Amino acid sequence: MAHDKKDATDTDRYRTFAQSCLKLALSATDQPTRAMFISMAQAWNSLADRNLSATTQAALEDFDQRQLNG
């Protein structure tokens with residue numbers, strides 16, 4: 001479980017990148033640029049979701065292992 005803090009930090013960082021992309025989309029003056037930034041935000045959020053899911057799964061496995069070992 002030593003990597004949990006790093007994984008949480010990575011997830012937060014990915015969410016921050018997504019928010020930045022959405023802010024850029026709001027300030028974009030043309031539709032193609034806006035669509036590109038929205039797509040990038042979706043990709044960052046997807047990466048954050050996958051990272052969070054992997055972190056949660058690792059924590060559950062660690063918990064289960066500790067329960068079995070005593």
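If the requirement is being more than 14 Å from the chain's Cα centre (by Cα), at pLDDT below 90, on the phi < 0 side of the Ramachandran plot and surrounded by 13 or more Cβ atoms within 10 Å (Cβ to Cβ), which of these qualifies: Ala8, Ala59, Ala2, Ala28?
On the way: Ala8 fails: more than 14 Å from the chain's Cα centre (by Cα); Ala2 fails: surrounded by 13 or more Cβ atoms within 10 Å (Cβ to Cβ); Ala28 fails: at pLDDT below 90.
Of the residues listed, the single one that is more than 14 Å from the chain's Cα centre (by Cα), at pLDDT below 90, on the phi < 0 side of the Ramachandran plot and surrounded by 13 or more Cβ atoms within 10 Å (Cβ to Cβ) is Ala59.
What single numbered condition from (1) under 16 Å from the mean Cα position of the chain (by Cα); (2) surrounded by fewer than 13 Cβ atoms within 10 Å (Cβ to Cβ); (3) modelled with pLDDT of 90 or more fails to hold for Ser53? All conditions pass for Ser53, except number (3). Of everything listed in (1) modelled with pLDDT of 95 or more; (2) surrounded by fewer than 13 Cβ atoms within 10 Å (Cβ to Cβ); (3) among the aliphatic types (A, V, I, L, M), the single unmet condition for Leu68 is (1).
Checking the conditions here, which among Ala58, Ala43 is assigned to a helix (DSSP H, G or I), within 24 Å of Asp10 (Cβ to Cβ) and in contact with a His (Cβ under 9 Å, 6 or more places away or on another chain)? Even if it seems obvious, please write down each step before you answer.
Numbers: Ala43 fails: in contact with a His (Cβ under 9 Å, 6 or more places away or on another chain).
The conditions single out Ala58.
The values are calculated or read from the model by the stated rules, or taken from the named source; none is laboratory data. Remember, it's a predicted structure, so these values are computed and weren't measured experimentally. Note that we place each Cβ from the backbone using ideal geometry, even for glycine, and neighbour counts take in every protein chain shown.
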